[in-house]
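Below is one structure; the comments refer to it alone.
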Amino acid sequence: MPLSNQLPFDFILYNEFTFENFIVAEKNKELLTVLQTVNLAESFYFIWGAKGSGKSHVLQASCAQHANSAYLPLNVFLDEGESVLEGLDQLDWLCIDDVHLVLGKSNWEEKLFTLFNACQISSTCLIVSSLLAPLELKYVLPDLQSRFSSGVTYQLHELNEPEKLLALKKRAELAGIPLKDEVLNYIYLRSERSMSVLFSVLEQLDKLSLAEKRKITIPFVKAIMQW
């Protein structure tokens, strides 16, 4: 979404990640309802869940609803250093993904602590995500643990088997990858069931099919994945 020109980094938002194309597990319905509320009751939310549960998707979808927002995936910006967090309290809506990657590092934690307090003053809605719940993470600063534990915490639950297959089909459609149902079923049955792995397999097959100018068929999948 559009950002202030004063921000030092160019934050990328992938517009294909929306609430409309997110497959919602029954246990996640409350969280999705909350995140789609334009004016949230609280100013800080902590979302945690296993890899592939959809944290990055819902964070980007929530940012897409607000003009003055930013999605900050820390796995992308680690090399930029903690200065990437400066000035973000000028936003209305801020989502920081994979915060667990920088916890245990005093310089990052100090910046996060400062940013948290600044967001409270500026009324910026701050949403962070992690693999683990706030009390299960290891911190250098006890005050940061206290801040992260003070907000509303939600676990993003993994999809069940039928929901995972539907999510894989949705991802293929979004990427414009023509796949017959029998091919999708074959990929799902033979691959590891983590959504991150399934999406990675889909991306790999798409790239190689384009490079070799071949359709993605079951024989093609067998040959590429060596299944």
Q: Give me the pairs, please: first residue somewhere in segment 37-53 and at pLDDT 90 or above, second residue anywhere and basic (K, R), beta-carbon distance under 8 Å, and either six or more positions apart or on two chains.
A: F44/R147; I47/K55; W48/K55; G49/K55
Q) Going by the structure shown, is L132 touching a residue at least 60 places away in the same chain (Cβ under 8 Å) and in a loop (DSSP other than H, G, I, E, B)? A) yes
Q) Can you name every residue in segment 75-98 that is in contact with a helix residue (DSSP H, G or I) (Cβ under 6 Å, 6 or more places away or on another chain), farther than 13 Å from S122 by Cβ and surrounded by 21 or more Cβ atoms within 10 Å (Cβ to Cβ)? A) V84, L85, C95, D97, D98
Q. Any residue in segment 80-99 that is assigned to a helix (DSSP H, G or I) and among the aromatic types (F, W, Y)?
A. no
**Q.** Residue check for S149: surrounded by fewer than 16 Cβ atoms within 10 Å (Cβ to Cβ), closer than 27 Å to T37 by Cα and among the hydroxyl-bearing types (S, T, Y)
**A.** yes
Q: Working only within segment 135-145, note down all residues that are in contact with an Asp or Glu (Cβ under 8 Å, 6 or more places away or on another chain) and in a loop (DSSP other than H, G, I, E, B).
A: Y139, V140, L141
Q) Is at least one residue of segment 192-199 part of a loop (DSSP other than H, G, I, E, B), surrounded by 13 or more Cβ atoms within 10 Å (Cβ to Cβ) and among the polar types (S, T, N, Q)? A) yes
Q. Would a scan of segment 82-94 turn up a residue that is aliphatic (A, V, I, L, M), in the same structural domain as K51 (by TED's automatic domain parsing) and under 13 Å from V140 (Cβ atoms)?
A. no
Q. Pick from L132, L126: which is touching a His at 6+ places or on another chain (Cβ under 9 Å) and under 30 Å from L40 (Cα atoms)?
A. L132
(Q) Name the single residue that is nearest to N28 (Cα to Cα) among those in segment 146-163 being in a helix (DSSP H, G or I) and of a type in the set (D, E). (A) E163
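The values are calculated or read from the model by the stated rules, or taken from the named source; none is laboratory data. Note that this is a predicted model, so its numbers are computed, not measured. Glycine also receives a Cβ, built like all others from the backbone with ideal geometry; neighbour counts cover every protein chain displayed.
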